[in-house]
Amino acid sequence: MNQDRIPVRRALLSVSDKTGLVELATALRARGVALLSTGGSARVLRDAGLEVTEVCDVTDFPEIMDGRVKTLHPAIHAGLLGRGPVDSEVMEAHGIAPIDLLVLNLYPFEQTTAREDCTLAEAVENIDIGGPAMLRAAAKNYPRVAVLTDPNQYASALAELEAGEGAFDAATRFALSVAAFERVARYDLAISRYLSAVQGSATTSFPEHLELRLDKVMDLRYGENPHQQAAFYRDPQPAPGALAGFVSRQGKALSFNNLADADAAWECVKTFDRPACVIVKHANPCGVAEAADLDAAYDRAYATDPTSAFGGIIAFNRPLDAGTMATIIERQFVEVILAPAVSEAALELATRKPNVRVIEVPQRRRDSGRGQLDFKRIGGGLLVQSPDDHELAVDQLRVVSRRRPDDAELADLMFAWRVAKYVKSNAIVYARDGQAIGIGAGQMSRIVSARIAALKAEEAGLPVVGSVMASDAFFPFRDGIDAAARVGIRAVIHPGGSMRDSEVIAAADEHEMAMVLTGIRHFRH
């Protein structure tokens with residue numbers, strides 16, 4: 001036999017996830033491998049009719065403290081760490097037998113803390129102590145020991161044992177060692193992040209040391225530009241309802257920009273209660289509308305800016321039906337269509353445009369991502385902030401003009417404010433009857449954004465007269481109000497807080513406009 005191949009004669013199996021355990025153990029026993037196990041796993045194996053030795057019989061010490069202490073013993077760790085001939089004399093002197101294969105997955109800390117009702121006490125109870133120690137021991141001793149940390153590894157491991165006459169080769173043992181160390185690192189990081197978040201929520205501070213761990217999902221076609229390479233990584237515990245949980249149903253490979261724009265569209269559309277459609281181009285909403293059904297919502301969103309909608313990202317907050325899909329593919333070129341679900345009939349229609357990416361994002365309640373940190377990369381560092389998850393309530397508005405907004409205007413102001421939150425600063429949104437009429441985004445001055453919003457409305461043939469205006473930050477001068485009045489804006493919503501608020505309010509009164517202040521801004525850079 002190749003000297004790089006170490007035969008597996010004795011295996012320790014101790015798993016919290018019992019998936020595939022019996023099948024693996026049965027195959028090992030068929031090869032004459034002696035099985036060593038801990039309480040819960042041992043019971044499962046015994047119930048399956050397999051001969052197994054419990055760890056407590058090897059250590060001559062019972063499991064104590066409800067299983068908290070069972071494997072932290074020289075008889076186990078020396079069995080994993082023994083270096084063959086180098087340590088054979090001392091192992092024989094103490095009656096310690098080598099362990100050639102460790103099969104172990106850790107207490108389900110990540111799954112436990114992912115539950116919304118998880119308490120700190122439950123989280124702490126699911127911190128594994130002996131498991132990581134054994135994984136480190138086996139992984140460190142990869143020249144002699146193989147280690148499996150995931151049921152997904154079992155099939156290939158058994159195939160190699162079959163091909164290798166009951167042994168793993170050196171390359172496999174090393175690869176399994178790397179996977180084990182990575183698993184321990186992810187586990188420790190999950191614990192650190194959870195406890196730091198608990199501490200941070202109590203102290204409203206950020207941790208002194210921030211460690212990030214993301215799992216690679218896929219390579220992307222390219223980055224922001226074709227000469228840049230790119231990949232998509234996902235948080236090990238993405239917020240329920242976040243784009244990271246998407247499922248691709250059709251279309252060519254996604255690019256960096258596809259996902260960035262899809263995220264902008266999804267985050268905006270899922271905030272609406274009524275059926276809604278958001279069309280995004282270059283990270284900015286270019287069309288937003290709500291209606292009684294998706295087809296009407298799409299039709300109104302498209303009408304906001306048909307030119308920019310070409311090649312855009314279209315997002316819906318309701319399952320996508322065949323009728324709406326037919327309208328889209330007959331009307332425009334689209335890069336990505338996303339919704340909480342897509343009907344089979346809609347998918348069948350989408351096959352007419354096989355390159356169009358159709359993705360589903362399992363939807364959860366709007367605040368499912370609250371508490372997660374927001375990051376922005378800068379040269380040599382990372383800016384970290386709490387998420388902009390503020391949702392404005394009507395009773396938080398402060399009317400500062402002589403004329404109060406009527407009910408219809410108030411509804412439109414709330415709609416426009418919701419859209420403005422997702423428009424790049426300086427952001428101006430004109431809206432009426434649950435539809436964005438014109439959007440001005442990403443300008444260096446607010447007055448220019450207001451002019452662009454009016455220009456967009458004019459190009460789309462949408463009358464502005466009677467519409468409302470939302471601004472993501474305060475108006476530094478009255479010129480923005482004067483410009484809005486000239487095109488027929490009747491009500492304005494903005495944060496307030498300028499040194500010239502009194503002048504801005506006076507301008508609104510001069511034009512008989514209603515003005516409400518939110519007291520909060522939504523810069524988006």
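Quick notes
- Exposed-site-free run, longest, the chain (rule: GluC sites (Glu not before Pro); DSSP loop; at most 13 other C-beta within 10 Å): 225-390
- ³J(HN,Hα), Karplus 6.51/-1.76/1.60, whole Hz, each residue of segment 318-328, x for Gly, Pro: 9, x, 7, 9, 5, x, 5, 4, 4, 4, 5
- DSSP-loop trypsin sites (Lys or Arg not before Pro) across segment 392-439, with at most 14 other Cβ within 10 angstrom: Arg402
- For segment 84-151, accessible area per residue (1.4 Å probe, heavy atoms of protein chains only), Å²: 47 Å²
- Percent antiparallel among DSSP beta bridges (both partners in the chain, rounded to 5): 55 percent
- Farthest toward positive dipole pole in the chain [+1 Lys/Arg, -1 Asp/Glu at C-beta], among Thr53, Ile428, Ala296: Ile428
- Under the Karplus curve 6.51 cos²θ - 1.76 cosθ + 1.60, θ = phi - 60°, whole-Hz ³J(HN,Hα) for segment 390-397, x wherever Gly or Pro sits: 5, 10, 6, 9, 4, 6, 8, 6
- In plain terms, the chain from Arg500 to Gln385 could stretch by 38.5 nm, reckoned as 0.36 nm per residue minus the Cα-Cα distance.
- Full extension of the segment from Ala411 to Asp219, taken as 0.36 nm per residue of separation minus the current Cα-Cα distance, would add 64.8 nm.
- Dipole-positive endmost among Asn152, Phe246, Ala441 within the chain (Cβ charges, Cα centre): Ala441
- Ser192 contributes an accessible area of around 50 Å² to the protein surface, as traced by a 1.4 Å probe with all chains present.
- Two-site label geometry, Arg377 and Glu458: point separation in nm, points 7 Å out along Cα→Cβ: 4.1 nm
- Cα→Cβ-extended label distance, 7 Å offset, between Met65 and Val247, nm: 4.2 nm
- Using R0 = 22 Å, the C-beta based FRET efficiency linking Thr53 and Glu110 works out to 0.10.
- Over 21 Å between alpha carbons, listed pairs Lys216/Lys376; Lys270/Lys424; Lys270/Lys376; Lys353/Lys421; Lys252/Lys424; Lys18/Lys70: Lys270/Lys376; Lys353/Lys421; Lys252/Lys424
- Angle between the chain longest axis and helix 170-203 axis [Cα atoms, degrees, rounded to 10]: 50 degrees
- Neighbour net charge for Val58 - beta-carbon separation under 14 angstrom, K R +1, D E -1: -2
- The angle between the Cα long axis of helix 154-163 and the longest principal axis of the Cα atoms of the chain comes to about 40 degrees, rounded to the nearest 10.
- Put a plus charge on the Cβ of each Lys and Arg, a minus charge on the Cβ of each Asp and Glu, and nothing anywhere else: the dipole of the chain about its Cα centre is then about 900 debye.
- Each stretch of four or more DSSP H residues adds -39500 (n - 2.57); spread over every residue of the chain, this sum gives -11500 deg cm²/dmol at 222 nm.
- Segment 1-90, accessible surface, carbon-and-sulfur percent (1.4 angstrom probe): 50 percent
- On segment 416-525, 53 percent of the accessible area sits on carbon and sulfur atoms, based on a 1.4 Å probe.
- Of the whole protein surface, Lys252 contributes about 90 Å² of accessible area at a 1.4 Å probe radius.
- When nucleic acids and ligands are ignored and a 1.4 Å probe is applied, Ser386 ends up with an accessible area of around 70 Å².
- Cβ-placed point charges (K, R +1; D, E -1), dipole of segment 64-151 about Cα centre in debye, nearest 20: 340 debye
- In this structure segment 282-437 gives 45 Å² per residue of accessible area when probed at 1.4 Å with all protein chains present.
- Theoretical gain in end-to-end length, Leu72 to His525 [0.36 nm per residue, Cα-Cα removed]: 157.9 nm
- Accessible surface of segment 307-396, 1.4 Å probe, proportion on carbon and sulfur as whole %: 52 percent
- Among [x] 1.09; [y] 1.12; [z] 0.95, the entry derived from the coordinates for Rg/Rh (Cα atoms, Kirkwood Rh): [y]
- The modelled label-to-label distance for the pair Glu510/Ala231, using points 7 Å beyond Cα in the direction of Cβ, is 5.9 nm.
- Going by accessible surface with a 1.4 Å probe and the largest first, Thr113, Thr307 read Thr307, Thr113.
- When all protein chains stay in place and ligands, DNA and RNA are ignored, the 1.4 Å accessible-area order of Phe168, Phe174, largest first, is Phe174, Phe168.
- Relative to the longest principal axis of the Cα atoms of the chain, the long axis of helix 256-269 lies at roughly 60 degrees.
- Charge dipole (Cα centre; +1 on Lys/Arg Cβ, -1 on Asp/Glu Cβ; no other charges) of segment 267-378 amounts to roughly 460 debye.
- For segment 405-422, Karplus couplings with θ = phi - 60° (6.51, -1.76, 1.60), whole Hz, Gly/Pro x: x, 7, 4, 5, 5, 5, 4, 5, 4, 5, 4, 4, 5, 5, 5, 4, 4, 10
The values are calculated or read from the model by the stated rules, or taken from the named source; none is laboratory data. Since we're looking at a predicted model, the values are computed, not measured. Every residue, glycine among them, receives a Cβ derived from its backbone with ideal geometry; neighbour counts consider all protein chains shown. Protein only, heavy atoms only, side chains kept; ligands, DNA and RNA dropped before computing areas. Shrake-Rupley method; radii C 1.70, N 1.55, O 1.52, S 1.80 Å.
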